[in-house]
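To start, the structure under review is shown below, and the notes come after it.
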Amino acid sequence: MQRTTKKKLDAETSVASAEALNVLSTFDFERARTALLRWFDANGRTFPWRSEPTPYRVWVSEIMLQQTTTQTVEGYFSRFLERFPNAAALAEADEATVLKYWEGLGYYRRARSLWAAALQIVERFGGDVPERFEDVLSLPGVGRYCAGAILSFGFDRRAPILEANTTRLHARLLGLRLETTTATAQKILWRAAEDWLPLESGKDRKPNVYRRLNGALTDLGRLVCSPTSPKCDDCPLTEFCESWRRDYQDVVPVLKKKTETVSRTDVAFWIERRDLFGDCGSGGKRCDGSTCSDVGPTDVLLIRRPENALWAGLWDFPRFEITNEAFRGALDFDGDVELCDRLQRFLEEEVGAPPFDRRPGAVVYTVKHAATRFKITLRFCRLDGAAPLSSSSRREKTLFDELESAATSQVALPPPRRSKVAKKTRTPKTPEAARVAAEVRWVSLAELDAYPLSSPGRKLARFVLKNRG
Ligand code: SF4
């Protein structure tokens with residue numbers, strides 16, 4: 001950056017932050033709180049974690065709500081709480097069971113962190129969610145916002161929160177013309193979030209005051225001070241709002257420029273044991289074509305998603321990214337030499353299949369999903385020559401567009417395995433054990449339902465089971 005441009009930007013930053021700090025220092029919090037809470041009493045949202053706000057329930061809800069709408073979470077929350085009513089019950093479960101109850105919520109890293117945190121709550125804090133800010137913050141999956149939310153909503157402690165809704169609200173109230181993720185803006189916004197919470201103690205302490213104020217700020221940001229076209233006419237804070245006074249609603253908050261999305265194509269395979277080893281015709285007896293084993297001919301191949309991949313820790317069908325530009329939009333991958341070679345190597349080296357030439361068959365199903373900056377088209381195939389699905393299902397289908405999280409979704413080949421032949425193995429009990437246990441497994445069709453699968457994997461499983469000939 002040229003020196004004069006940087007100087008200009010620095011000067012603009014100081015002016016913008018000085019203006020916002022000036023608004024903050026003269027803000028009439030006392031009257032604004034009264035107006036806000038009156039609005040909250042009439043308009044606040046009701047949720048199961050609000051009607052019975054125990055620290056454990058608040059903690060689970062806050063982890064579920066990260067990157068997920070309240071509407072979606074409501075469908076999962078009660079079921080999860082019924083199965084894991086407290087931290088001890090959650091810590092007792094194995095990772096696969098926790099993931100199973102999380103299946104469909106996305107961002108599976110959260111479920112694993114929740115489970116790891118439950119182990120710590122039991123070991124370090126005797127089974128109760130801790131009440132000290134530093135202790136809450138030290139739990140896996142808990143950041144500054146989440147710790148504040150657990151303390152204020154769960155314990156009614158004076159702890160500020162700042163998430164998307166309150167960031168927008170505070171930025172607008174202050175007329176903050178700085179990009180909200182910058183360090184300077186964050187400092188101002190956190191200070192505003194804290195200043196909203198009065199210092200109350202002793203007999204002056206009103207019950208639920210912090211719980212209600214943080215809930216009210218979040219709800220007002222969500223319901224009234226919306227990202228586009230805020231409903232200023234319905235807002236209880238109009239007279240306190242700098243953006244309203246200066247007509248800044250459309251320019252504040254200043255958001256970071258979005259990164260460009262990248263399109264990519266992955267191919268995943270539904271592979272049955274008999275597709276690789278044949279079928280001796282023993283009529284459903286567990287058999288690999290030459291010697292009887294504990295694996296059935298129609299058992300299907302699953303791999304466990306590696307660390308740092310999308311759906312880390314869940315099970316999925318073997319998946320490969322299409323790197324050959326010419327095949328990105330294809331519906332037939334038989335000519336993609338690179339994919340055929342990777343598939344062949346994977347089957348021989350990772351699954352122990354005999355060395356016959358195996359190629360992708362026709363695409364049977366397509367799922368589209370988004371993962372951070374990637375827009376992924378996922379094509380599902382069987383191996384060429386595998387038992388066909390019923391004729392109606394062979395046409396190419398695109399059913400779902402879905403939004404999913406990912407730290408990264410670059411992984412195409414599964415990680416190296418320790419043992420050659422896919423076996424049933426015990427589910428690892430600790431997060432550390434889970435991390436090293438990248439696996440390949442044959443799973444019977446009856447067992448598929450109980451496996452925690454990636455979301456496209458679940459769609460494929462349902463599709464194939466419905467359409468098998
Ligand atoms: S007056 Fe408008 S811009 Fe200001 S806080 Fe209320 S809704 Fe948001």
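The values are calculated or read from the model by the stated rules, or taken from the named source; none is laboratory data. Keep in mind that what you see is a predicted model, and the values were worked out from it rather than measured. Using ideal geometry, Cβ is built from the backbone for each residue, glycine included, and neighbour counts are taken over all protein chains shown.
Observations, loosely collected:
- Residue list for segment 218-256, filter: at pLDDT below 95 and polar (S, T, N, Q): 228, 229, 249
- Selection count where residues are in contact with a Leu (Cβ under 6 Å, 6 or more places away or on another chain) and either under 12 Å from residue 244 (Cα atoms) or within 14 Å of the ligand (Cβ to nearest atom) (or both), scope segment 175-185: 0
- Complete set of residues in segment 226-277 that are away from the ligand (no atom under 14 Å from the Cβ) and touching a Ser or Thr at 6+ places or on another chain (Cβ under 6 Å): 256, 265, 272
- Residue pairs whose Cβ atoms lie under 8 Å apart, separated by 6 or more positions or on different chains, with the first residue in segment 164-185 and over 17 Å from residue 250 (Cβ atoms) and the second within 10 Å of the ligand (Cβ to nearest atom) and part of a loop (DSSP other than H, G, I, E, B), are 165/225.
- Failed item, numbered, when residue 98 is tested on (1) more than 24 Å from residue 143 (Cα to Cα); (2) in a helix (DSSP H, G or I): (1)
- Single match in 61, 17 (criterion: in the same structural domain as residue 149 (by TED's automatic domain parsing), crowded, with 17+ Cβ neighbours inside 10 Å and at pLDDT below 95): 17
- Within segment 143-175, being crowded, with 21+ Cβ neighbours inside 10 Å and either more than 15 Å from residue 218 (Cβ to Cβ) or among the aromatic types (Phe, Trp, Tyr) (or both) holds for 147, 153, 174, 175.
- Every residue from segment 196-225 that is among the acidic types (Asp, Glu), part of a helix (DSSP H, G or I) and more than 16 Å from the ligand (Cβ to nearest atom): 204
- Listed conditions (1) over 25 Å from residue 224 (Cα atoms); (2) at pLDDT 95 or above; (3) part of a helix (DSSP H, G or I) are all met by residue 150, apart from (1).
- In segment 281-305, the residues that are at pLDDT 85 or above and either in contact with a Cys (Cβ under 8 Å, 6 or more places away or on another chain) or part of a strand (DSSP E or B) (or both): 300, 301, 302, 303, 304
This table checks each residue for (1) at pLDDT 80 or above; (2) surrounded by fewer than 21 Cβ atoms within 10 Å (Cβ to Cβ); (3) assigned to a loop (DSSP other than H, G, I, E, B).
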position: 274; (1), (2), (3): yes, yes, no
position: 279; (1), (2), (3): no, yes, yes
position: 307; (1), (2), (3): no, yes, yes
position: 357; (1), (2), (3): yes, yes, yes
position: 361; (1), (2), (3): yes, yes, no
position: 378; (1), (2), (3): yes, no, no
